[in-house]
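One structure is given here, and the rest of the page talks about it.
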C-alpha cells in the first residue's frame, strides 16, 4: 500500500475489500503516514459503500483526514451516483470542525491538545414517574397522587435508536461538562453514523431566528443544540417551541435554570458526578505526590462539595496545582495565591484567571499590566450586561493578552470561553462599584425579569453568589446586610424561592466570625424565621434548591436543614435526599418503626433509599434492618439493594447478599443475580469464589450463557488455582453451546497466567475454537488473536513458542496485521526466546515491505531491558527505511532507544543521525540530537553543534522575523549540558549569522547569559558601561524587573538612547526601525530597536510615575501617529489613561 505504483495499490485495496480486512484498511488509511489517495483508490472505495464498514471508513477519511480527500472532488461522487452522500459528507465535515474548534478553546491542556482520554466518560441518569411504594408520599389533593420519580441509568445507545424518547434534554449545573459531553458525542457520531447531524450553540441564532426554522424543518436530521441558557430569551423560547413540535431526534443542553414543558417524547437527563479521584489521577499521572496532595486538599476544605464532580472547577484547581516551587516567585510577583490558600469559588476564579493570563504567551510583563487586563475584562462583562446582549466582545477589544479567555464565533466576534468567566467578571465589576450601587444593579435586573422571563433571574444566580463572596472578602458587612435584607433579595421572590436561597447560600458561606457580627446575626434570624413559616407544600416546592444549598455549604446540620427536616420527617424519599446526619438518623428510625408495625413493604423501600449512603454505621443499620425484615416476611424484590451489598467487605453483608442471589435465580431475575455472582467471583476469599461458581452453574442450567460467561471470566482474572478445573469446564460447556465469544474471553484472561496447567487449558481451548471451523476471516478469529497476544506476553516458554508458531503461520497467510500484533507483544517480553522470535518476525515484515507494522516490533525491542544482539537488527531496519525514504520510521526507531546506555547501540544511532543530516533531514536529526545529547557521548554533542549550524544556515536564507523554535530548542539543550567549552562553540556558530539580528541576537543572549556567572544586575550594568549606556530591549526590561534605583536609572538612560535612535531613523526615512533588533554586545556597535519593543519598555516604566517617562511616552505616541502606527501604541495610551485616573 505504500508503493508509488498506483495499479499495485489499487490491486491490494480491491483484495482487502473483498476479504473484508476492515481493521487493516482503517489502520492504513487513518494513520499519519498514509499518503494522498489516488482517484483509482477513491473510486474503488466509493463503489463499495454498500458495505457499511467501507462507508464508515469513507466518512472518517473525508471528515477527519482533510489532506487525504479534497472535498471539492464532487465529480467522483456524481460519477458513482453518490451526489447526496457527497453533500452529507461536506456538511458533516463542517460539524466536525466546529466541534474541534469548541474543544480547542478549553483551558484544560489535555482537551485543548486533542488527547482522546482527556474527556472522561460520563454517565447520565433520568427520572421516570412510577407508582409510589409509600402510599403516604403525597397529599390527597395532589394531582400526582401516588406517583414518585425513580432514578434510572440512561443508555447512550438510545441517542441512536430513539425509541420511546426521540428528544433529550441534558440539564446540569455550571461547569459540569455539558458542552464537552455533547461535542464529544457529536464528533464520534459524525465519524461513525450515516445520519446527518447538525451541531450549533443556541446563541448562534440570536441574530437570525429564521435559521431555526430551517434547522428544525427536516426530521431526518439529528439536531444537537448546546448551551440553551446562553441565548437571548426570544431565541430560547423559539427553540423550545420548535423542539416540542419537532418530529426527529434532538439533544439540547442547558443549565438547571431553564424549564421545559413536560412531554412523553422528551427525556430529561442529568449527569452522575465524575469521580474526583479519577479526574485528578488522569491529570497528575506522572506525579503521584502532587496527586495525593490535591486529593487530600479537596477533601479537607470548605469548597470540597462544590469542586467534587465538577470538571471545570477541578480543572481550575489542577491549573493552579500544576506549579512547582520554582513558580513561587513569579506567582508572588503577579499576586497569585497557591491553590491551598483558596477559600471560595470567587477566589478560585480570581487566581486561576490571573494564572492563565500571566502564563499566556508571556505577553503580560508585570502586575500593573495584569491588573489592567483584569479591569478591562470586568469592564467588558459590565458593558455586555448593560446592553443586555450575549457575552460577546468586538474584535477591536480583543488582543493577545486576553485571547486565551476568548473564542471566535461565526459572526466574527468573540465570546468568553465559558459563560462562568463572564459571570465572574461581571460580579467583580459590580463589587468594585461605589457603595450599594452594585447591589442596586442586581435588584434592577431581578425586578425587570419579574415582568419578562424569570428564568433569566434563575440563571443570574452565579453572578449573585460571586458578588456575595467578593463583598465578604472585602469585609463590606454593611453592604452584605443591605444586599441580603428585606429590601434586597428576599423582596419579590418567585414561588421556588430562588432569591431567598441565593441569600441563604451567601450567608452560610461566610466565615463563622463574620456570622457572629450583630448586623449579620440579625439577618440570619430573619432568614430562619421565613423557613419556620413554610408549610409542607412550600418545602416540597423548594426541595431542589434545598438540595443545592446542602451540597454547596456542606452536608452538615444547621438551623435551616433542621427546620426543613422537621417538616418532612414522614417522607422518606425526600428526607434521604437531604442526606445530612440528622436526616439519615430520622430515616433509619422511620424504617424501624415500619418493621415494628410489620409494614415490610415500606420498610424495605426506606432501606433501598439508604443504601447509597457512604457512612459504615448507616450501612450496618440498613443491613440489620433488611435481615430482620427477611426473617419475618421473606423476599420483597430487593435485587438492586443486594447487588450493591455484594461489593461490601463486611462478612455479614456478603452473606446476606449471597442468600439474596439464590432467590433472584429462583425468581428468574438472572441479570441481577449474574451481576452479584460476578462481584463474588472477584473476591480473594475462596469460599466466596465457590459461591460464584455455584451461581454460574445455576445460570448455565437456565441457559443464561452471557451471565455465566461473565462470572467465569471474573474467576479467571482472580487467578485462584483452586477453581481452575471448574473454569475450564465452564469454558468447554460454553463452546459446546457455540458461545465462542464468551469462551474466547475466558481463555484470553487465562492466557496471561504463567502456570503450566493453566496454559494447557488455554491451548486446549484454542484447539477447540479452531476445530469449530472459525476461519481467519471470521469475526470470532479476533478473540483467538487476542489469546495469542496474551500468550506472547507470558513468561512461560511454552506459551511463547506457541504464540511464535501462530504468528509465523499468519505471516505465511499474509495476515500481516495480526502477525505483527503478536510479534509486537513478543518484542516486549524479556524472555530471550521471545525476543529472538520477534526479531525474526520484524525482518520478515520488512522483507514484505510492511514498514509500519515492523516499527511496532522494533520500538518494543528497543525498550526491552533484555537487549540481546539487537544491534544488527537495528542496522538492517534503518538501512531498509532509508532506502525507501521512510525517515519517519527511522526517527521513531531511534527515539525508542532513548535511555539505552549500550555504547555500540549509541554509536549506531549516532551514525544513523549523521546519515539523516547528510540527506538533508535536519528536523528529524535535530530532534534526535536533543534527545540523545545527555548520554555523555561526545559524538552526539559534535553532531548537535553541526546540526545547529545547518539549522541556522537554512533559516538565514528565509530571513525570518521569529527565531526558529528548532534552533532555540537545540541551543537550550546544548546550554543545559553546563559545559562552557560546548556553549562557546555554540555561541561561535550563532555569531556567524549575525546579519540576521533577531535570530543571532536572541540565541547569543541565551548562551551568553549561561556563560556569565555574575548576577543579571552586574552583567547588564557592565555591558552598559562598555557601550556607553546602549542596551538591548531585553536587558532594559531585566533592569526594570530588578527595580532598585541604580538599575532603574540605567534603564531610563538606555531607553532614551533607544528612543532617540529610533526617531533619527524615522526622520531619515530609514525603515530599519521596523526590525526588532537583538543582542548588542561586543560583536555589534549598532543600536536599534523596533517601535513595538520600545513601547513595551515604556509600558513597564509607567509604573515609576516619573514625569520624564510620561513625557517620553507622549513623544513615542506622537511619533507612532506620524508614521501611521497608532494601533501599535494603543496599549501605551490605555496605560497612561489608567495612570491618569489614579493620579490626575
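Structure summary
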{"quantity": "Tally of residues being within 12 Å of residue 954 (Cβ to Cβ) and outside any helix (DSSP H, G or I) across the range 915-931", "calculated": "2"}
{"quantity": "Candidates 890, 880 - the one that is under 30 Å from residue 850 (Cβ atoms), assigned by TED's automatic domain parsing to the domain that holds residue 846, surrounded by 14 or more Cβ atoms within 10 Å (Cβ to Cβ) and more than 38 Å from the chain's Cα centre (by Cα)", "calculated": "880"}
{"quantity": "Criterion: modelled with pLDDT of 85 or more, in contact with a strand residue (DSSP E or B) (Cβ under 6 Å, 6 or more places away or on another chain) and crowded, with 21+ Cβ neighbours inside 10 Å - qualifying residue of 422, 467", "calculated": "422"}
{"quantity": "Which numbered condition residue 1040 fails, given (1) at pLDDT 80 or above; (2) more than 40 Å from the chain's Cα centre (by Cα); (3) in a helix (DSSP H, G or I)", "calculated": "(2)"}
{"quantity": "Candidate set from the range 839-874 (those that are farther than 18 Å from residue 892 by Cα and at pLDDT 80 or above); member that is surrounded by the most Cβ atoms within 10 Å (Cβ to Cβ)", "calculated": "841"}
{"quantity": "Qualifying residue in the range 63-73 (condition: touching a residue at least 12 places away in the same chain (Cβ under 8 Å), assigned to a loop (DSSP other than H, G, I, E, B) and within 30 Å of residue 285 (Cβ to Cβ))", "calculated": "yes"}
{"quantity": "Among (1) surrounded by 16 or more Cβ atoms within 10 Å (Cβ to Cβ); (2) at pLDDT below 80 - the single one residue 612 does not satisfy", "calculated": "(1)"}
{"quantity": "Options 942, 950; residue that is modelled with pLDDT of 80 or more, over 17 Å from residue 838 (Cα atoms), surrounded by fewer than 19 Cβ atoms within 10 Å (Cβ to Cβ) and touching a helix residue (DSSP H, G or I) at 6+ places or on another chain (Cβ under 7 Å)", "calculated": "950"}
{"quantity": "Conditions (1) farther than 19 Å from residue 884 by Cβ; (2) at pLDDT below 80; number of the one not met by residue 47", "calculated": "(2)"}
{"quantity": "Unique residue being over 26 Å from residue 503 (Cα atoms), assigned to a helix (DSSP H, G or I) and modelled with pLDDT under 75 when the list is 595, 619", "calculated": "619"}
{"quantity": "Some residue of the range 716-739 being at pLDDT 80 or above, buried (at least 20 other Cβ atoms within 10 Å of the Cβ) and within 20 Å of residue 790 (Cβ to Cβ)", "calculated": "yes"}
{"quantity": "Elements of type helices (runs of 4 or more DSSP H) in the range 107-200, at least 2 residues being touching a helix residue (DSSP H, G or I) at 6+ places or on another chain (Cβ under 7 Å) and at pLDDT 75 or above", "calculated": "109-112, 178-192"}
{"quantity": "Residue within the range 638-651 that is touching a helix residue (DSSP H, G or I) at 6+ places or on another chain (Cβ under 9 Å), modelled with pLDDT of 70 or more, part of a helix (DSSP H, G or I) and crowded, with 20+ Cβ neighbours inside 10 Å present", "calculated": "no"}
{"quantity": "Verdict on residue 573 being exposed (fewer than 15 other Cβ atoms within 10 Å of the Cβ) and either assigned to a loop (DSSP other than H, G, I, E, B) or touching a residue at least 60 places away in the same chain (Cβ under 8 Å) (or both)", "calculated": "no"}
{"quantity": "Matching residues, the range 501-519, being more than 13 Å from residue 559 (Cβ to Cβ), without any contact (Cβ under 8 Å) to a residue 60 or more places away in the chain and within 41 Å of the chain's Cα centre (by Cα)", "calculated": "501, 502, 503, 505, 506, 510, 511, 512, 513, 514"}
{"quantity": "When residues of the range 436-458 are limited to those that are in contact with a helix residue (DSSP H, G or I) (Cβ under 6 Å, 6 or more places away or on another chain) and at pLDDT below 85, the one farthest from residue 382 (Cα to Cα)", "calculated": "453"}
{"quantity": "3 or more residues in contact with a helix residue (DSSP H, G or I) (Cβ under 6 Å, 6 or more places away or on another chain) and outside the structural domain of residue 178 (by TED's automatic domain parsing): qualifying helices (runs of 4 or more DSSP H) within the range 257-355", "calculated": "276-283, 288-299, 304-307, 311-321"}
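Residues checked against (1) at pLDDT below 90; (2) more than 17 Å from residue 347 (Cβ to Cβ); (3) surrounded by 20 or more Cβ atoms within 10 Å (Cβ to Cβ):
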| site | (1), (2), (3) |
| --- | --- |
| 239 | no, yes, yes |
| 267 | yes, yes, yes |
| 286 | yes, yes, no |
| 305 | yes, no, no |
| 323 | yes, no, no |
| 328 | yes, yes, no |
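Table: residues versus (1) touching a residue at least 24 places away in the same chain (Cβ under 8 Å); (2) out of contact with any helix residue (DSSP H, G or I) (no Cβ under 8 Å at 6 or more places or on another chain); (3) part of a helix (DSSP H, G or I).
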| site | (1), (2), (3) |
| --- | --- |
| 806 | no, no, yes |
| 819 | yes, no, yes |
| 824 | yes, no, yes |
| 845 | yes, no, yes |
| 849 | yes, yes, no |
| 854 | yes, no, yes |
| 857 | yes, no, yes |
| 890 | yes, no, yes |
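The values are calculated or read from the model by the stated rules, or taken from the named source; none is laboratory data. Remember, predicted model here, so these are calculated numbers, not experimental data. Cβ: placed from backbone, ideal geometry, glycine included. Neighbour counts: every protein chain shown.
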